[in-house]
Amino acid sequence: MLADLGPNLRADAAAIANSPGPGQKIMRDALQQRTTSAPQRIRVDADATLGQNVDAVAARQAMVEQRATQAAPLYQKAYSEPFTMTDAQKNILKAPAGRAAFAKAQRLAQNEGIPLNPEALDVRGLDLVKRSLDDQIEAVKRAGKGNEARILTQMKDRFIKDAPSSYKQALDSFSGPSQIIDAMDQGQSLFNRKVPAGQVKADVARMSAGEREAFIQGARSQIEEIMANSANDALTVRKLFREEGNRRKLELVLGKGNANKFLSALQREEAFAETAYTATGNSVTAARQASQRRWGEGDKGVIETLLNTDFGSAGRKAANALSGRAAARAAEMERATAARLLSGQSLNSLSQLEGLVGRAGRAGDTVGSLSQLGLLISPQLLTNRQ
């Protein structure tokens, strides 16, 4: 809307929205319609940057199955690669957690008819031990033993550090179902205040491609949950990303470009909300009072303003010649025209609006406010999405 493009135009919208006549209805209906559609606009913008929101439980299973299928050829290739264990890997298998992981891996291998030698693991054996360590990590996490989980994760990372590159490529595609599920769960708490941006940066850096995808899906799910559980869902999301920490976390997850797309969309919504509040809120500012005088406080004053008060005595005589009822009707028609222009989307309408106001100084104020808006003067504010 043109009304979004500066304080003067917002004040005009407020004056018309609070003056009787068809212009009031035009202005208020346009603002109300746009406010009502704000949640859907935010959802569309979130879908465009974070991906479409889906049922979290179903999404987990679907993602696990898809990633497992895609990674299967990569694992088969890695299992065929020659591999010699390092001393560091052998030492890990001698630690308590390493011995437990190898024992479980050995049972799994026996069920598959695969022999395992702790002194000479092949890539398949390495993978079985790694998955057994994953199970230990998952178990201590569920028990709330964060420090133990951290130590085991570091052990696992050291264990696979010297694995063949083909195996690491397979892991990047799909490291296991528990990792996908954990990543999605982490994403669902991304915008909690207790989760610092530094931790998010470290976590995302360790994630495989599949885990990152699940993490982002979880973050999208959190936004949807926040909106679903709020009486004013659009305002709640806007407040969420007013916090620098959440903007930073979004950038770490999506990259600066995609994060800015979503944040710019929210900035647009902030401008829309400010216009609606200025026009329909209870706060009566000096600018709004001045605009109300311009657009219709007193029949004689209305006509003099609309016909340009600089016309002098001739204009005043013409104004005095009109009856009070005709003057009020003329003012209502002018306000209705202004309401259509202010709620429209064409910058070409500015000249028509300025013509209604009739003051050269007022036109200069409008242009001045436009030039100071910077990023708010963008196609995003004047599209059919308003």
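Worth a mention:
- When region 124-237 is reduced to its Cα atoms, the Kirkwood hydrodynamic radius in Å: 15.4 Å
- Of all aspartates and glutamates in the structure, the ones whose alpha carbon falls short of 15 Å from that of residue 90, not counting any fewer than 8 places away in one chain, are 119, 122, 127, 157, 162.
- Just so you know, the Cα atoms of region 175-223 work out to an Rg and Dmax of 9.9, 29 Å.
- The slack in the chain from residue 232 to residue 261, taken as 0.36 nm per residue of separation less the alpha-carbon distance, amounts to 8.2 nm.
- For region 75-128, a/c is not less than 1.5, where a ≥ b ≥ c are the root eigenvalues of the C-alpha gyration tensor, and a/b does not top b/c. That puts it in the oblate class.
- In region 178-243, trypsin sites (Lys or Arg not before Pro) in a DSSP loop with at most 13 other beta-carbon atoms within 10 Å: 193, 194, 242
- Volume of the convex hull of region 50-258 (Cα atoms only), normalised per residue: 135 Å³.
- Stretching residue 289 away from residue 148 to a fully extended chain increases their span by 44.3 nm, per 0.36 nm per residue minus the current alpha-carbon distance.
Where a number appears in this text, it was derived from the coordinates with a stated rule and is not lab data. Small disclaimer: the values here were computed from a predicted structure and weren't measured. So basically every Cβ, Gly included, is an ideal-geometry build from the backbone, and we count neighbours across all protein chains shown.
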